[in-house]
Structure formats: C-alpha cells, structure tokens
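Only one structure is covered here, and it is reproduced in the block below.
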Amino acid sequence: MLVCICNGITDKDIENAVHEGATGFRDVHAALGVGGCCGQCASYAKSLVEDTVSQLQLSNNFHLAQEIAC
C-alpha cells in the first residue's frame, strides 16, 4: 500500500527499512524521506514504524526464548 504519495514510499519499503536496522521514525525518514514533503503521511508512517519495530522485537524475543529452551 502506498503510504507516502510525494515520494512513492510503500508500507513494504518502511517495513524493509525497519528490518534493515531502522529503530524509529527518524531513521526511516532519513533513509527513505517519508514525511518530508507535505507531511500528510507522517502520523500513519510513525504508527507503521512503531508496529513493525514491536513485531520485530516480539519475534526476536520468541526466537531467543526458543533457543534458551532447547
């Protein structure tokens, strides 16, 4: 889904940026430019970044717990 019309940034672009090491909206903004033009996408993009970071942390914690249990 297109998140930032001005820069043609999709939700997958944002998710990929998080998976590649971005830890917050500032990192994603610096990497992709999301929210840098009209700003209409900024609140949704921030929410998407936060959700993706949380999901990644939960996934990492789950895998770590599995490794410890084995």
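Numbers at a glance
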| item | result |
| --- | --- |
| Enumeration of residues in segment 26-70 that are under 15 Å from residue 2 (Cβ atoms) and out of contact with any Phe, Trp or Tyr (no Cβ under 7 Å at 6 or more places or on another chain) | 32, 33, 34, 35, 37, 38, 40, 41, 42, 44, 48 |
| Hits in segment 9-24 (condition: under 17 Å from residue 36 (Cα atoms), part of a helix (DSSP H, G or I) and open to solvent by less than 20 Å² (accessible area, probe 1.4 Å)) | 14, 17 |
| Filter pass, residue 6 being outside any helix (DSSP H, G or I), touching a residue at least 24 places away in the same chain (Cβ under 8 Å) and either loosely packed, with under 13 Cβ neighbours inside 10 Å or among the small types (Gly, Ala, Ser) (or both) | no |
| Residue pairs meeting the criteria (Cβ under 7 Å; at least 6 apart or on separate chains; first under 16 Å from residue 22 (Cα atoms) and part of a helix (DSSP H, G or I), in segment 37-61; second polar (S, T, N, Q) and open to solvent by 30 Å² or more (accessible area, probe 1.4 Å)) | 53/23 |
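The values are calculated or read from the model by the stated rules, or taken from the named source; none is laboratory data. What you see is a predicted model; the values in this text were computed from it and never measured. As a convention, Cβ positions derive from the backbone with ideal geometry for all residues, glycine included, and neighbour counts pool all protein chains shown. The area values use the complete protein model at the heavy-atom level, side chains included, leaving out ligands, DNA and RNA. Shrake-Rupley method; radii C 1.70, N 1.55, O 1.52, S 1.80 Å.
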